[in-house]
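The block underneath contains the structure these notes are about, expressed in C-alpha cells.
The values are calculated or read from the model by the stated rules, or taken from the named source; none is laboratory data. Note that the structure is a prediction, hence the values are computed from the model and not measured. Every residue, glycine as well, gets a Cβ built from its backbone with ideal geometry; the counts of neighbours run over all protein chains shown.
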Amino acid sequence: MFSFLKRKNQKNDRKIQEINNQNQSNNRPPNLIESSLSKNLEVIKQKTGNSSDIIIRPLKIGHNSQIKIAILYVKGMVDNQSVQDFVIDSIMNNQNLSEKLIPQEVLEILIEDVVAVGGIKVVSDWEKLLTALMSGETITLIDGISKGVCASTQGGQRRSVQESTTDVSIRGSKEAFNESIETNTAMVRRIINNTDLWVESINIGKITKTEVSIMYINGIAKNEIIEEVRKRLKGIDIDGILESGYIEQLIEDQTNTTFPTIYHSERPDTVAGNLLEGKIAIFVNGTPFVLLVPALFIDFFQSAEDYYERFDIATAIRFLRTVIFFISLVGPAIYIAATTFHQEMIPTELAIIIAAQRESVPFPAFIEALIMEITFEILREAGIRMPKAMGSTISIVGALVIGQAAIQAGIVSPAMVIVVSLTAIASFATPSYAVAISARLVRFIFMVSAATFGFYGIILVFIMLIVHLCSLRSFGVPYMSPLAPFIREEAGDTIFRRPIWAYKKRPRLISGQNRVSQGEDQKPQPPRTRIMKNTTNVEKGEPNES
Amino acid sequence: MEKAKISAYQLFILIVLFELGSALLVPIAIEAKQDAWLAILIGMVGGFCLYLVYHGLYSYYPDIPPTEYSQKIMGSFLGKILAFIYVLYFIYLSARVLRDFGEMLITSFYWDTPLFILNTLMALLVIYTVRKGIEVLARTSELLFVLIFLLGISVLFLIVVSGIIQISNLKPVLEEGIKPVLKTTFTQTLYFPFGEVIIFAMILPYLNRPEKVKQIGLLAIGFSGLILASVMAINVSVLDVNNITRSPFPLLSTIQTIEVAGFLERLDVYFILITVIGVFFKMCVFFYASVVGTANLFNVKESARLAFPLGLAILILSITIASNYSEHIKEGLHVITLYLHLPLQVIIPSLLLLIAFIKNKKKKSKHSKNLFPKRKYRLVERDKK
C-alpha cells in the first residue's frame, strides 16, 4: 500500500519535473554563441557529432595575422564556386583586413565590404546558426565576437528543370517543378509578375525542419481560407516531412474518404492558374508536387491544356473525361449485372454471342471479373515498379500470356477481357492519378454490389457515392461545388468549358470579395468588312478579291 | 434543428423529386380512367391551396418547425400530442413509400429476393444520407436531378421515336362527366402526392431566403404536377385504358413497350434508375422530417443519433403494415386517404392557421395596428439588419 502511494508520488514528482523542464526550455534565454572561437568550434563539433561533411576552415587575418576566424559550411550543400570566390577568397585577399583591427571592426568590414553574397545575416544564438549551417549557408565565426555571419551560399547538385512526367500536355509550357523550393516559387513568380503574389515560409518537422511555403495572391485569395491554412500548418507536430503527401494527409478536412480533397500539381502554369482563381499553393522543399487548396471534385478532371484549346474542343474533351471516369467506375459492374441479373436487357443477338463465349467458362461473371481485375492490378503495379529495361516483358506477359492464354484455356470469356481492358484504359485516361486510384477502389465495391443485387445494387452504391461526395468539404468549400450547391455563373467551367471571354468572375466560394477577373466585352469583335479599313492598303488584284 | 441552410433552388428540386418520387411508380388517379391526367391537374390546384395553408403557418413562425409551433398555437400539452401524431404520421408515410418500392422491385425484377433484404438496403442508404444532414441531402438532389432530367428526356424521346403514342386512347375526354374526375381528385390525387407536401413544413425553416418560400413551393408543385399529368397521359395513350387499369406499375409497362431500331428495347433499367432515385428522395425527406421532428419533440440535441433507431422502426414497419401488396394498395387508396390524409393534411393545418391568425391578430392589435402579421418574416429580417 505504501509502496503504491510512493510510486504515485514518484509519478507526480516526475510529472512536475517534466513540467519544470518544459518551462525551463520555454523560458530559457536562447543558447547564445560565446566569444571564444575555439570554444565555439568545440560546441559545433560536439553538436554535430564531428560529422565529416562539415568543413571548418580556420584563417588568420589582420595585422600580423593576429585575429583568428573560421569559415564553416557543409560539403555538397553549398555552391562551391561562391564559397570559394565570394567568401574565402575575398577574406584572404582583402586589403582592409590586413590592417590593425579589433574583432568588432573585422565583423563590420566582413559584412559591409568583404563577403560578396546577396543574403547575409548576423545571428547570435546557436539554434539559428546551426539551422543556417545545415541548410547550406556559409558561416563565418570571429574570435572575440559572440556572433556568427551567415552568407547564403546554398547550392549543390539538384535536378534541373525538366519536362513534367505526370501532367503531360501537348500545348502549353513544358517545364515542371523540381525538388528545390526556391526554383519552384521562382517559376510561379516568373508567370505572375505582381507584387501581390505573397509567399510565407515556415519550417515544419521537429527533426527535418523542412521548409514549407504558402503562396497566394493577396486580394484574391479569401482571408479566412489563408488563415485556416496557416492554422493547420502550424498545428503540425511531426518528426519529418518528406513529401507534400505528408502535409496533405495532415491538413485535409476528412480522412475517411478515398477521394482526394487537396489537389497537387507538377506544373507551374496550373499552379498560377489556380492562384488566379483565389486558391492557395503549398510548396514543400524536396518535392516537385505542389499542393493547392481548396480543391473541388471537378478540378481533378481538368488539365491545364483545357484552357489553351478553344472552348468547343475543350468541352468535348471534358465531356469525354466524364464518360471515361464513369466507365472506370462501373464498367465491370454493369457487365456483371447485365449478364447475371438482367439478361433480358441485352439485345438478343449479343446475348447469344456472350452466352456462347461464357459456355466454357466455369466461373460466375463476378469471379471472372474479379480474376481479371486483380490480374490487371498486379500487372499495373509490376509495370510501375519494374526497371525500365524490363518493361517490354510486362507487355508481352500481359497481352499474350494472360490475355490470349486465359481465353484459350477457357478461364475467362473474351467479352470480359474487353470490358476489363476498356476499364483499365479508362482509368489511365483520367487526368488525375489521385482520382483514378480512388475509382479503382470504388470499382470493386460496385462489382460486389452488382454481383449481389444487379442494377439495384449499382444504383444504391452510386447514390451513396454521390451522397458521400456531397458531404465532403475542402477547407470549408463544398467539394461538389459549383455543381452542388449549383452556382450558375460558375457551372460553365465544370464538364463544360465556356469561352475564355465569358469568364467574367472568379469562383465565389473560393476567392474573396474581389471577384471581377476581366473587363466587359472581351469577346473578339472583328470588323464587319472582310478588308480591314484604315490599316493596310489592299493591293490591287489580290487573288481572293471578287 | 441543425444549423444548416438550403437555397431556394435546392428547395425547388427537393419538392419536385419528392412529388415525383413514388407517384411515378404507382398508378395514380386510375379511377378517372383516360382522364387521369385531368384528375392530377385538379389535384395540383388543390395542392396549391394546401401549400398556401402550410405557407401561412410558416409565415407566422418562420424560424421553427411545425412540431414546435403546434405547441405555441395549441398550448404545450395539446400541441405536443399533435406534434407526436404528426411525427408518427411521417414515420408511417416513409414506411409506406419503402413498401411501395420494395413491392415494385419484387414484382418486376427480383422475384426470389425477400422483401426484407431489398428494403434493408434502401433503408440503410436513407439512414446514411439523413445522418449527413439536410445540406448534403439538398446537394445530392441537385446532382441527381440532372440525371433524372436527362433520363426523362431520353425516355420521352425514345417513346416518341418508337411511335407507340396513340392520342386516340385519351379520348373521349370526360366520358362520364366531370364527377368521377372530381371524385378521384378528392379521394386521391389531392392527398397523394400533392398534400404530402406538408412534410416540407419541417424543412422550410432551413431556407436561406424566406421571402421566396411561397413562389418556389408553388412553382415546384406546378412543375411536378405538369410532369405527373403528362406522364400519366403518355401512359394512357401508350397502354390504353384497359391495360393500364390492370398494370400495377404503368410507367414500367410503358417503358417496356419501347422498341427503337431493333436493339433499343426492354429498357427496364431506366425505370429502376428513375424510381430508385425518386423513392430515395421521397424517403429521405420523410425520414429526415421524422428524425428532426422526434429530436425537436423530445429535446434530443443530436438528431443524427436518432437516424438508426428510427430507420430500424421504419424498416420493420414497412414489412408489417400489410400482409401483401393488394392489401397495401387498398389501405393506401381507401383507408389512409380518409382517416389519415384528410384530417392531417387538410383539416388540422387549416384549423391551426385559423387559430394562429386569431392569436396573432390579438397580439398585433395590442402592440400596434400597422403591422400586418403575414409579413412577419420580412420584419424579422429587417430587425436583424
*Tell me, which residue of region B:141-158 that is away from chain A (no Cβ under 11 Å) and of a type in the set (Val, Ile, Thr) is surrounded by the fewest Cβ atoms within 10 Å (Cβ to Cβ)?*
B:Ile153
*Quick one: which helices (runs of 4 or more DSSP H) sit completely within region A:198-306 and have at least 1 residues that are among the aliphatic types (A, V, I, L, M), farther than 22 Å from A:Thr183 by Cα and in contact with a Phe, Trp or Tyr (Cβ under 9 Å, 6 or more places away or on another chain)?*
A:223-234, A:244-251
*Just a yes or no: is a residue in region A:110-122 within 29 Å of A:Pro268 (Cβ to Cβ), outside the structural domain of A:Ser244 (by TED's automatic domain parsing) and under 28 Å from the mean Cα position of the chain (by Cα)?*
yes
_Among the residues in region B:98-111, are any more than 14 Å from every other protein chain (Cβ to nearest Cβ), in a helix (DSSP H, G or I) and within 30 Å of B:Ser350 (Cβ to Cβ)?_
yes
*Please go through region A:468-500 and pick out each residue that is over 17 Å from A:Glu252 (Cα atoms) and in a helix (DSSP H, G or I).*
A:Ala491, A:Gly492, A:Asp493, A:Ile500
*So which of A:Lys60, A:Lys39 is among the charged types (D, E, K, R), under 22 Å from A:Ala116 (Cα atoms) and exposed (fewer than 13 other Cβ atoms within 10 Å of the Cβ)?*
A:Lys60
*asked:* Looking at B:Glu176 and the list (1) under 25 Å from B:Asp268 (Cα atoms); (2) more than 11 Å from every other protein chain (Cβ to nearest Cβ); (3) without any contact (Cβ under 8 Å) to a residue 12 or more places away in the chain, which single condition is not satisfied?
replied: (1)
*Answer yes or no as to whether A:Arg488 is facing another protein chain (nearest Cβ under 10 Å), under 23 Å from A:Ala314 (Cα atoms) and either in contact with a Leu (Cβ under 8 Å, 6 or more places away or on another chain) or charged (D, E, K, R) (or both).*
yes
*Taking region B:113-135 on its own, how many of its residues are more than 11 Å from chain A (Cβ to nearest Cβ) and of a type in the set (Asp, Glu)?*
0
*Among (1) part of a helix (DSSP H, G or I); (2) more than 29 Å from A:His468 (Cβ to Cβ), where does B:Val26 come up short?*
(1)
*Answer with yes or no whether A:Thr165 is at pLDDT 85 or above and either closer than 29 Å to A:Glu266 by Cα or basic (Lys, Arg) (or both).*
no
*Give B:Ala201, B:Ala138 a once-over and let me know the one that is within 14 Å of chain A (Cβ to nearest Cβ), under 19 Å from B:Pro65 (Cβ atoms) and among the small types (Gly, Ala, Ser).*
B:Ala138
*asked:* Residues that are outside any helix (DSSP H, G or I), more than 9 Å from chain B (Cβ to nearest Cβ) and among the aliphatic types (A, V, I, L, M): does region A:440-447 have at least one?
replied: no
*Taking into account only those residues within region A:237-263 that are buried (at least 16 other Cβ atoms within 10 Å of the Cβ) and over 15 Å from the mean Cα position of the chain (by Cα), which is farthest from A:Leu329 (Cα to Cα)?*
A:Asp253
*Considering residues of region B:237-280 that are within 14 Å of chain A (Cβ to nearest Cβ) and in a loop (DSSP other than H, G, I, E, B) only, the residue nearest to B:Trp37 (Cα to Cα)*: B:Ile258
